[in-house]
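The values are calculated or read from the model by the stated rules, or taken from the named source; none is laboratory data. It should be emphasised that the depicted structure is a prediction, and the values quoted were computed from it without experimental measurement. We place every Cβ from the backbone using ideal geometry, glycine too, and count neighbours over all the protein chains shown. Each accessible area value is taken on the protein alone, full model and side chains, heavy atoms only, with ligands, DNA and RNA left out. Shrake-Rupley method; radii C 1.70, N 1.55, O 1.52, S 1.80 Å.
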Amino acid sequence: MSQPKVAVSMNPLHVRDPEVDGPQGDAIPFFYDGKYHLFYLEAPALKYDQPDRGRTPWRHIVSDNLVDWHDLGIALPLGTGDDPDVDGIWTGSIIAVDGVLHVFYTGGRRAASIPQTICHATSTDGVVFKKSPSNPIHFPRSDWFEQRDWRDPFVFWNKEHKQYWMLVTARAREGPLGRRGVIALSTSDDLVTWTTVREPFYAPGSTYSMECPEVFRLGGKWRLVFSRFTEHAATVYREAEDLSGPWRTPKYPAFDGAHWYAAKSLEDAQGRRIAFGWVHDRRGFTEGGEWLWGGDMCLPREIFVGEDDRLCVRMPSEVDDQFMSERPLLIRQASGSTTAEWEANVAGGFSVAQIETGALPCALTRLSVEADIQDLAGGVGLALYSNPGLTEGLLLFFDASTGAVSLGGPTGGQEDDRLPVPAVTNRIRGRSHGKLQIDLYLRGDVLEIFVDRQVALSYRQYFDRPFTAKPYVEDGVVTFTAKLATRGD
């Protein structure tokens with residue numbers, strides 16, 4: 001294999017220039033021969049609407065350490081003429097068998113009677129992929145499924161049945177229109193001939209579509225992960241003791257909010273489950289603009305089993321180890337004085353201070369805030385990109401009693417204002433005493449927040465103001481400390 005070139009714009013740790021580099025979409029991560037391979041959909045730059053934005057080939061980057069990524073270029077280019085993938089090479093999966101990499105992907109041809117079909121490609125070196133002359137290789141059964149949605153194949157070897165299984169995003173022909181989303185199951189003995197099973201792999205009867213499905217075993221259970229864009233948009237999971245189900249909804253089914261989407265994962269040599277998702281662009285690259293498909297790949301995340309068998313996410317150690325410099329920050333109180341520790345003692349009241357971060361670089365930076373909770377009845381939070389009255393920007397808030405962690409806009413200060421619905425809500429263990437750890441990873445306009453190193457809240461902001469972080473307390477006694485870490489690049 002020839003030495004690949006370093007690709008800064010394709011590195012998930014760097015900042016993408018949307019005027020030059022097209023938006024990144026659904027990840028297809030794959031660990032092979034000791035390396036992390038990340039395939040993803042790359043849309044053309046400065047295209048905001050479908051079908052142009054959906055004309056995505058697969059781009060391929062590779063890393064030894066989840067930090068330094070090298071660009072191997074376009075792995076799967078768009079088809080031409082009447083090819084089944086002329087309008088898009090969409091999400092799929094990769095499986096290695098006897099030294100051959102088999103790619104199964106969604107071919108998009110919008111003018112066809114079946115606009116989404118399953119296609120196949122192979123590679124022996126992991127760089128050059130050859131599409132099958134038999135494409136498309138798999139279609140939806142017209143008597144069982146709608147003909148429009150047949151995509152996102154996830155192929156794996158089922159040891160118990162000694163078959164290859166393919167999970168496919170599909171929609172049943174019957175039922176309420178908004179609840180026909182199913183994950184179909186097809187099987188094969190040779191990766192060539194596929195037979196669809198009449199009974200879907202998962203059919204909850206509660207959602208429009210379940211995109212980018214994958215299944216893996218972690219913590220003694222099978223976990224089914226998929227993304228939904230309609231009700232409570234997010235990447236979520238279900239769990240079962242056996243692949244035959246039943247697939248039950250866990251207490252906390254979401255890994256993040258609506259803006260960490262289409263996440264898929266790999267298992268590496270250490271047995272870790274590493275996931276990649278993306279955060280949306282907004283139209284016009286302005287605050288308040290319409291959320292668009294595609295944007296920037298978020299930082300890699302490790303999925304692990306936390307308390308009560310819950311699937312949680314944290315930053316892989318390789319990413320945190322890249323921060324070469326970390327320094328404590330002062331916190332400015334309302335009186336104007338600064339201190340390394342700010343103790344807020346507001347039983348029944350409200351208090352706010354400001355962390356003296358200074359101007360932050362555009363490159364990846366980590367702000368770590370620890371809240372030592374002595375007595376908390378209300379909650380603690382961080383006002384980000386805010387004005388003095390906290391009526392602009394974002395509010396990160398932890399509710400002591402419920403454990404809800406939310407990130408959203410504040411009220412604007414008018415009489416008829418109501419608190420907006422948060423952009424992201426997640427949950428951790430509620431507490432009136434103890435430590436609360438908040439780590440903010442800032443990279444250009446992308447904001448990824450990890451709380452207690454187990455839940456995440458991702459967002460993209462386009463505020464026309466410098467970054468600020470103001471800790472605040474509602475009804476409690478809490479001591480705050482803060483540190484800033486940079487990579488030095």
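Checking S63, S113 one by one, the residue that is loosely packed, with under 15 Cβ neighbours inside 10 Å, at negative phi, in contact (Cβ under 8 Å) with a residue 24 or more places away in the chain and small (G, A, S) is S113 and no other.
Test A275 against the stated conditions and say whether it is within 19 Å of T91 (Cα to Cα), open to solvent by less than 10 Å² (accessible area, probe 1.4 Å) and touching a residue at least 40 places away in the same chain (Cβ under 8 Å). So A275 passes the test. So, of the residues in the range 240-260 that are touching a residue at least 40 places away in the same chain (Cβ under 8 Å), open to solvent by 10 Å² or more (accessible area, probe 1.4 Å) and at negative phi, which turns out to be farthest from the chain's Cα centre (by Cα)? The residue in question is L243. Residues of the range 304-333 that are of a type in the set (A, V, I, L, M), open to solvent by 40 Å² or more (accessible area, probe 1.4 Å) and under 24 Å from F480 (Cβ atoms): L330 alone.
Are there any strands (runs of 3 or more DSSP E) wholly within the range 265-316 with 2 or more residues that are under 11 Å from the mean Cα position of the chain (by Cα), and if so which?
Correct list: 273-282, 291-297.
If you go through the range 210-228 one residue at a time, do you hit one that is in contact with a Phe, Trp or Tyr (Cβ under 7 Å, 6 or more places away or on another chain), open to solvent by 10 Å² or more (accessible area, probe 1.4 Å), over 24 Å from L367 (Cα atoms) and acidic (D, E)? Scanning the range 210-228, I find at least one residue that is in contact with a Phe, Trp or Tyr (Cβ under 7 Å, 6 or more places away or on another chain), open to solvent by 10 Å² or more (accessible area, probe 1.4 Å), over 24 Å from L367 (Cα atoms) and acidic (D, E), so the answer is yes.
For the range 201-239, the set of residues classified as under 18 Å from P153 (Cα atoms), touching a residue at least 60 places away in the same chain (Cβ under 8 Å) and not in a loop (DSSP other than H, G, I, E, B) consists of E211, C212, P213, E214, V215, R223, Y237, listed by residue number. As a summary of the residue check, Q374 satisfies the conditions (1) under 19 Å from the mean Cα position of the chain (by Cα); (2) assigned to a strand (DSSP E or B) except for the one numbered (1). Entry remark, the range 116-141: residues being open to solvent by less than 10 Å² (accessible area, probe 1.4 Å) and under 20 Å from A27 (Cβ atoms) number 5 in total.
Inside the range 334-364, residues that are surrounded by 12 or more Cβ atoms within 10 Å (Cβ to Cβ) and small (G, A, S) make up a count of 5.
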